[in-house]
């Protein structure tokens, strides 16, 4: 799906799909498990949604959603690294450093164009609309981060909204798309959405913790990268609640190294890290509850996939990289 006849573009597009730097494949794993978890007792009246597709054909279409989402995700990484002037990604030099900003941006654009072509081939207007919203959300979240005011920088509500747009929307809406392709009801599709949303939020909250507690080796990027870019995340926001004097320091934008050191000092004295982990656990519980609310099934493959989806909620909050 990402093949191109232009050698240099091919190298750029395939940069983060190569063996060893392909990432965790977290999102495709979730989506393929969700597909099996929901491919049950498809009502006859929904045949107009999936046409005369056999279960194999349905699986292929759901797999295509996973491929589309991974292309969108990698494209967003390529664009983000240019915007953030990042030097590393997944333990190697970021594409913008290795091949330059222009090629990195164009490679991201190419992936998005291929994702759109694959999306259109699904021939499902509701799914096209949902995935199109994901692209809008990614841009919205990035703009929210770039244009944060001093008050918004210290707002947990603003942070969570931005986090949904930048991270959780991708997986929540793709889980919903998987359910819709299977002809599931609005109620079940909403449960799939809620699973993805809460799993995505939990994932990002732990990511924010690891930026303070991890190392560049384990994370594949420089630790403390967010705060050095002036990006305020949940641990600092919780620290502000304990130490109001930190509000003024953070509202200045964290452009001064001395302010960063002060913020880290206050964070160390606070329960910011612990409270962020607790919040992530709360979202993991909500994600698990959504799976438990799925329609009953006696199919072992379905039940195995559902158990795996619940297991992922635990893995997300206990991971170290």
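Coordinate-derived values only; no laboratory data. Small disclaimer: the values here were computed from a predicted structure and weren't measured. Ideal geometry is used to build each Cβ from the backbone, glycine not excepted, and the neighbour counts take in all protein chains shown.
Numbers at a glance
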read-out: Relative packing of peptides 58-64, 275-281, 177-183 - highest average C-beta neighbours within 10 Å first; value: 177-183, 275-281, 58-64
read-out: Efficiency of FRET between residue 319 and residue 101 - r from beta-carbon atoms, R0 35 angstrom, step 0.05; value: 0.70
read-out: Normalised contact order of the range 22-318, rounded percent, pairs of Cα under 8 Å and 6 or more residues apart; value: 22
read-out: Cβ crowding within 10 Å averaged over residues, with 195-204, 249-258 ranked highest first; value: 195-204, 249-258
read-out: Virtual spin-label span in nm between residue 241 and residue 120, 7 Å along Cα→Cβ; value: 4.7
read-out: 176, 102, 162 arranged by Cβ crowding within 10 Å, fewest neighbours leading; value: 102, 162, 176
read-out: Burial order of peptide ranges 104-113, 231-240, 135-144 (average beta-carbon count within 10 Å, highest first); value: 231-240, 104-113, 135-144
read-out: Rounded FRET efficiency, nearest 0.05, which uses the C-beta distance separating residue 258 from residue 185 and R0 of 41 Å; value: 0.15
read-out: Stretch gain in nm, segment residue 9-residue 285, where the contour uses 0.36 nm per residue and the Cα spacing is subtracted; value: 95.1 nm
read-out: The chain: most fluctuating residue of 123, 96, 173 per GNM, C-alpha cutoff 10 Å; value: 123
read-out: Two-site FRET efficiency, residue 139 against residue 303, from Cβ-Cβ distance with R₀ of 45 Å, rounded to 0.05; value: 0.70
read-out: Cα-derived Rg over Rh, computed across the range 75-125 with Rh taken as Kirkwood radius; value: 1.13
read-out: Value of [θ]222 nm, deg cm²/dmol, for the chain, DSSP H segments ≥ 4, -39500 (n - 2.57) each, nearest 500; value: -22500 deg cm²/dmol
read-out: Between 0 and 90°, nearest 10: helix 26-38 axis offset from the chain longest Cα axis; value: 40
